[in-house]
1. Rounded to the nearest 5, what is the percent of antiparallel bridges among the DSSP beta bridges in the protein assembly as shown?
2. For region A:65-151, what does the equivalent ellipsoid look like in terms of its semi-axes, each the square root of 5 times an eigenvalue of the Cα gyration tensor, given largest first in whole Å?
3. Averaged over its residues, how many other protein chain Cβ atoms are within 10 Å of peptide B:3-16's Cβ atoms?
4. If R0 is 22 Å, what FRET efficiency do you get for residue A:131 and residue A:76 from their C-beta distance, rounded to 0.05?
5. Relative to the longest principal axis of chain A, what angle (0 to 90°, nearest 10) does the C-alpha long axis of helix A:726-759 take?
6. For residue A:256 and residue A:389, calculate 0.36 nm times their separation in residues minus their Cα-Cα distance, and state this gained length in nm to one decimal.
7. Kindly provide the helix-only [θ] at 222 nm of chain A, computed as the sum of -39,500 (n - 2.57) over DSSP H runs of four or more divided by all residues, to the nearest 500 deg cm²/dmol?
8. Calculate the spin-label point distance for residue A:326 paired with residue A:646, positioning each point 7 Å from the Cα along the beta-carbon direction, and give it in nanometres.
């Protein structure tokens with residue numbers, strides 16, 4: 001009967017159970033028992049089937065490297081004799097139950113003193129007693145309950161960098177406090193003509209205001225002055241320059257008015273504007289904590305490796321590996337350096353490096369490259385080049401990539417320049433006019449112009465609009481690094497797709513059988529043979545047949561040729577399963593050209609071949625069509641062999657340039673070529689094989705099917721299921737500029753009203769105090785409203 | 001009316017107290033995680049129940 005695992009929710013049969021609870025495997029059952037023993041079954045009450053499948057669990061030697069003191073020092077942040085602090089990145093954290101379980105680790109193992117999770121960063125901070133539980137045991141415990149920490153070479157620096165910018169919050173707090181108090185104390189001033197009896201207190205109010213405005217000027221607005229100053233030193237008038245000028249002029253004029261007893265100044269407007277602008281910046285800078293957009297190759301490599309010294313296993317940090325050392329690489333471990341194979345049985349999955357689908361058999365004596373994952377049994381290798389010089393690292397250090405991205409400044413800056421010129425012209429004209437008419441009014445009029453027409457509305461519009469657009473994109477599972485990505489997207493005219501993992505779905509591998517149709521007996525025999533093998537391709541074949549209810553048979557004789565194939569006798573048939581060359585070596589004639597896949601021969605006759613197919617994502621064809629209609633050039637780059645070219649042509653159309661068998665460097669050069677021809681390129685890819693291209697392109701979007709998997713350095717991360725909506729998402733991202741222009745037109749209106757008063761030298765503090773919040777609040781709400789309504793309009797329609 | 005001076009000083013001081021509380025909360029890291037605490041507070045109460053259910057299984 002079909003059941004669902006009580007622990008992880010995987011569909012399973014009813015063979016493994018405790019009371020009325022069914023489990024998909026013994027691993028899940030053991031986790032349940034452990035939690036049950038420790039009274040932590042609330043884990044299962046908070047969320048239904050919260051666990052991570054324990055299938056294919058780790059080998060216990062996997063974490064041996066954590067015994068090395070050098071690695072421990074790298075990981076442990078703080079250490080006393082009986083207390084150590086460590087932070088892990090646990091990408092599996094996904095629900096309330098996870099938090100519950102992880103924060104109650106001390107109940108499972110008393111060596112854990114305290115554990116605290118950070119849900120959004122997917123981090124756990126553990127305080128443990130190293131005399132009771134070693135770091136290795138701690139990691140094994142986490143891995144056992146389904147939260148295997150991601151421990152990688154580059155991560156430690158990354159974890160340290162992810163600190164909330166406290167300074168920014170301090171500044172907002174101070175500005176908000178001063179702004180609200182100044183506003184309140186200025187209130188009598190606005191009504192001063194109607195309330196008579198406050199004459200004595202007036203000076204008290206204004207001096208208190210002055211006192212309160214000083215922290216705003218010196219502390220909260222500091223960032224604007226610094227930015228304006230550095231801009232001016234590079235002879236570049238950025239948007240902060242006119243803002244800094246406006247703040248200074250406003251403060252100066254207010255001080256002058258207060259000390260000459262001619263008025264109360266505009267300190268309320270000044271502190272209000274600083275407050276709103278700081279909030280805008282903070283809103284725009286809100287980042288996605290659980291993503292990292294800056295990962296380089298170091299994040300993909302393990303922290304430690306097993307080295308063989310005179311036949312003994314020693315654990316060493318990867319960075320200390322030198323040439324000629326012997327490494328032991330176990331099943332599912334990564335080859336950490338370019339190396340030569342010493343043993344047979346290497347079956348290397350390079351999908352991460354090259355995008356090639358199927359694992360490759362590598363004979364003894366050949367070179368394996370860093371980044372490949374061993375799928376067969378444990379192998380031994382000799383290091384040829386240490387990590388820092390390996391093939392994949394060299395790609396990373398390619399001089400083509402030594403360029404800051406999106407260096408063209410935001411379109412806002414030139415606008416603020418025009419704005420500044422216009423502003424100064426108005427100020428000068430006003431000054432000249434009053435010089436003729438009434439020289440007494442020159443100073444008030446000119447300063448009023450500078451106060452009213454500060455480009456802060458432009459800055460507010462930009463920060464809030466981009467902040468909103470980024471948030472809405474996040475809702476549709478596209479996570480952008482920052483707002484400059486949106487501006488870069490605006491200019492894109494060419495889109496380059498990777499095939500494997502981008503247009504196809506990595507997790508959905510299926511086999512296609514080509515050849516003579518198999519009878520039920522034959523199929524049953526093959527099924528029973530492949531069931532015996534742990535080879536990933538055998539397992540796929542087993543899965544292929546598993547739905548057909550085939551009879552179990554007794555296997556008389558089975559011989560596994562590691563990395564080549566299997567020879568077995570079953571049901572009076574001689575069965576050969578393996579690569580084309582393996583079958584040929586056994587004297588079997590294959591009529592057509594040998595292809596990649598698994599060949600089947602029964603009784604010395606080749607029956608057919610199982611080919612691996614990655615299924616294409618639903619809706620991809622439609623998405624490409626829409627992108628073409630919108631006028632984008634589409635290109636396809638694949639690391640794979642052109643076996644699927646015909647399918648691709650039917651999906652994408654025949655007018656798309658397609659390149660196959662591209663290595664990471666080719667991809668990088670292809671992008672470079674497009675760019676030198678004046679194109680602005682958006683690259684959509686996944687994996688390390690696209691990393692160079694993603695970094696080189698103007699906008700690099702990394703596609704991932706599980707956000708917790710590592711994505712290469714990129715400008716945006718897109719979840720796999722949303723790839724088909726790429727057209728809508730790009731269109732929406734580009735709307736940001738439209739919204740900014742619309743709102744900016746509105747703020748010009750406010751400025752005109754303000755100018756009307758200012759040029760007539762009639763800007764009373766009250767007018768300024770009314771105009772400032774009205775314009776700020778209307779800008780912020782209009783920006784939110786417009787970006788929301790566009791996001792609604794572009795909501796992807798459900799695909800059938 | 002001069003009592004207003006005292007009242008205003010008091011009001012600014014009270015507001016200043018809140019400002020200091022805010023700065024302290026930022027400094028002590030309370031603004032770093034705005035989701036997990038809301039989940040964490042749900043746990044404690046029900047722990048006693050699970051202990052009971054555990055003893056039930058054992059008995």
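None of the figures in this text is laboratory data; all of them are computed from the coordinates on show. None of the values given here were measured: they were computed from a predicted structure. Neighbour counts run over all protein chains shown; Cβ positions are idealised from the backbone, glycine included.
1. On the way: 79 of 98 bridges.
In the protein assembly as shown, DSSP labels about 80 percent of beta bridges as antiparallel.
2. Working: eigenvalues 79, 38, 26 Å².
They are 20, 14, 11 Å, listed from largest to smallest.
3. Values: counts 0, 5, 5, 0, 0, 7, 2, 0, 3, 7, 0, 0, 5, 3.
Average per residue, whole number: 3.
4. Numbers: r = 14 Å, r/R0 = 0.63.
That pair, residue A:131 with residue A:76, gives E of 0.95.
5. The angle comes out near 10 degrees.
6. 41.4 nm
7. Values: 26 runs with 345 residues, N = 800.
Helix contribution divided over all residues of chain A: -13500 deg cm²/dmol.
8. Roughly 5.0 nm, to one decimal.
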